[in-house]
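Have a look at the structure below before the remarks.
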2 protein chains.
Amino acid sequence: MHTLDQALTLTALQHEADGTVRWQGHTHPGYANMVGPYGGVTAAQMLQAAWLHPQRLGEPVSLTVNFCAAVADGAFTIVAQPVVTNRSTQHWMLRMEQDGKVVTTATAVTALRRDTWADDETKMPVVPAPEQVPMPRMLLDRPFLSRYEWRVMQGSPLTELGTTSDTSLTRLWVRDIPPRPMDFAGLAAMADMFFPRVYSRRALMVPTGTVSITVYFHASGEQLQQHGMGYVLGQVQGQGFRHGFFDHVAQLWSQSGSLLATTHQIVYYKE
Amino acid sequence: MHTLDQALTLTALQHEADGTVRWQGHTHPGYANMVGPYGGVTAAQMLQAAWLHPQRLGEPVSLTVNFCAAVADGAFTIVAQPVVTNRSTQHWMLRMEQDGKVVTTATAVTALRRDTWADDETKMPVVPAPEQVPMPRMLLDRPFLSRYEWRVMQGSPLTELGTTSDTSLTRLWVRDIPPRPMDFAGLAAMADMFFPRVYSRRALMVPTGTVSITVYFHASGEQLQQHGMGYVLGQVQGQGFRHGFFDHVAQLWSQSGSLLATTHQIVYYKE
């Protein structure tokens with residue numbers, strides 16, 4: 001079983017009358033960050049609690065995860081409630097608890113997808129093929145970094161801090177190690193892969209922590225199957241930095257140029 | 001009292017032991033949309049339920065509002081719970097109910113702001129002063145449109161559908177009618193002002209509805225006071241349109257060029 005699938009394993013503890021299901025899961029040492037787990041996998045675990053729910057309608061469209069408190073290594077409970085189910089959309093409220101205390105909250109929307117007029121207005125930039133982009137030597141040594149193959153084309157403080165810059169734009173190819181067929185949870189996990197933009201701007205690793213992340217899923221499950229084990233192109237740029245919080249906006253494309261997801265997050269930083 | 005302040009009036013019904021407060025409010029006919037209220041005011045009402053809460057810590061940093069079901073004209077209850085309170089951040093879960101049914105859910109983060117290194121990486125575009133931009137004749141006639149002064153510089157289907165376009169970029173100046181001192185609720189209300197990007201792309205008004213909106217507040221309360229009753233510059237562009245859902249990313253600046261907020265939303269559309 002792939003490391004990510006191990007991390008995504010949830011066991012139903014209890015079904016309540018209002019549709020709420022309490023799931024038991026565990027943090028995975030393979031996705032550890034400096035302190036606690038990599039936030040992308042926490043986000044994927046939250047989504048998984050809706051995905052595995054027996055009353056789920058459709059596929060993920062939107063996910064917002066709020067990191068309220070440090071997630072400790074070990075067991076957790078995710079409480080997943082389908083709050084409103086319409087004909088074609090379903091709204092979820094979710095929370096992760098450890099020792100009875102909330103550590104993460106989330107909302108999600110799942111929906112039936114239909115064929116409509118379609119266009120990716122934000123086009124994939126012209127970049128070299130993944131095989132032509134060298135894999136960098138990492139500045140940091142954290143377990144989750146070894147779960148991904150990073151091929152960085154531009155501006156990543158993963159590999160160099162360099163000098164201060166007016167732009168935090170970064171572009172990179174990424175893929176699971178070992179490659180894993182793409183699905184919504186895998187995409188949610190990747191959506192948090194971008195290093196803090198404040199590192200790029202300041203050429204300095206100040207303390208940071210994601211406060212809230214939102215992922216909009218543009219691809220259908222069928223498109224994700226077609227994507228398979230291909231590389232994902234990630235592009236990210238910061239927008240505003242002030243008073244200890246900055247945000248970024250990012251896009252994830254398949255190798256064929258389809259916009260798989262867009263994502264934004266707001267991040268706490270010090271100094 | 002300003003129409004928006006009337007719409008934001010909430011009365012505490014009940015304080016629960018875990019810090020949850022149940023608020024009573026009413027939709028305002030002045031902010032009616034085609035069916036039900038303008039979503040921006042619903043978002044502002046959700047934020048207001050945290051803002052007025054006696055246990056609130058700090059100022060809004062992040063707000064995500066999910067539109068689960070149509071909000072009916074009339075009374076509603078907002079249930080606001082401070083789920084986790086840390087030393088400098090606080091996490092909120094909120095829901096709006098009518099007749100005991102959930103119609104809107106939200107999460108919010110409030111926080112103490114500190115002085116740090118700061119920069120607006122996404123710069124305000126060079127545009128004419130508000131007074132130089134004519135106020136357009138609206139294509140649509142909905143009550144909430146009369147609550148704002150719209151001065152559209154580029155690409156808005158508020159005023160013309162024109163022909164199909166490769167870009168949905170729109171820039172406009174906006175201000176409350178009558179002018180109102182800026183605050184977080186007023187900014188949250190404005191964050192939903194952008195017309196559906198699919199109108200611009202297709203030169204066609206297909207049925208649409210916001211599913212989920214997120215607002216990141218970059219300005220402090222002090223900055224909003226300085227902004228006062230000035231105009232806000234809004235810029236918006238769609239990213240991906242597929243399978244009945246599209247998203248956009250948008251920025252709101254003060255006249256002096258400070259990034260007040262960034263916002264994204266995912267919108268249902270038909271055809």
Counting only DSSP loop positions in region B:102-134, the trypsin sites (Lys or Arg not before Pro) whose Cβ has at most 16 other Cβ atoms within 10 Å are B:Arg114, B:Lys123
Packing rank of B:29-40, A:24-35, where each peptide gets the mean count of other beta carbons within 10 Å, highest leading
B:29-40, A:24-35
If labels are modelled 7 Å from Cα along the Cβ direction, B:Gln14 lies from its partners in the other copies at nm distances, smallest first, of 2.1
Nearest-0.05 FRET efficiency for B:Leu112 and A:Ala17 at R0 = 45 Å, using Cβ-Cβ distance, is 0.65
Can you pull the mean other chain C-beta count within 10 Å for peptide A:201-208?
1
Could you give the length gained on full extension between A:Gln154 and A:Ser256, defined as 0.36 nm per residue of separation minus the Cα-Cα distance, in nm?
34.7 nm
Gaussian network model of chain B, springs between alpha carbon atoms under 10 Å - residue of B:Thr107, B:Thr214, B:Thr163 with greatest fluctuation
B:Thr163
Here the gain from full extension of B:His26 to B:Leu161, 0.36 nm per residue of separation minus their alpha-carbon distance, amounts to 45.2 nm
How about A:Lys101: which aspartates and glutamates have a C-alpha closer than 14 Å to its C-alpha, ignoring those fewer than 8 places off in the same chain?
B:Asp18
What does a probe at A:Ala203 reach in region A:159-193, counting residues whose amide N is under 16 Å from the point 7 Å along Cα→Cβ?
A:159-169
Determine the shape class of the protein assembly as shown: with a ≥ b ≥ c the square roots of the Cα gyration tensor eigenvalues, call it rounded for a/c under 1.5, and otherwise prolate if a/b is greater than b/c, oblate otherwise.
rounded
Please give the helix A:39-51 orientation as an angle from the longest Cα principal axis of chain A, in degrees from 0 to 90, rounded to the nearest 10.
30 degrees
Sequence-distant or interchain residues sharing an amide H contact under 5 Å with A:Glu59, placed H: which?
A:Ala111, A:Leu112, A:Arg113
Peptide B:163-169, shielding by other chains (average Cβ, 10 Å cutoff):
1
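Counting Lys and Arg as +1 and Asp and Glu as -1, what is the net charge of the other residues whose Cβ lies under 15 Å from the Cβ of B:Leu47?
Net charge in that neighbourhood comes out at -2.
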Tell me, what HN-Hα J-couplings in whole Hz come from the Karplus equation 6.51 cos²θ - 1.76 cosθ + 1.60 at θ = phi - 60° for each residue of region A:266-271, using x for Gly and Pro?
10, 10, 6, 9, 10, 6
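Values in this text are rule-based calculations from the coordinates and carry no lab data. All figures in this text were calculated on a predicted structure; none of them were measured in a lab. Positions of Cβ are backbone-derived with ideal geometry, glycine not excepted, and every protein chain shown enters the neighbour counts.
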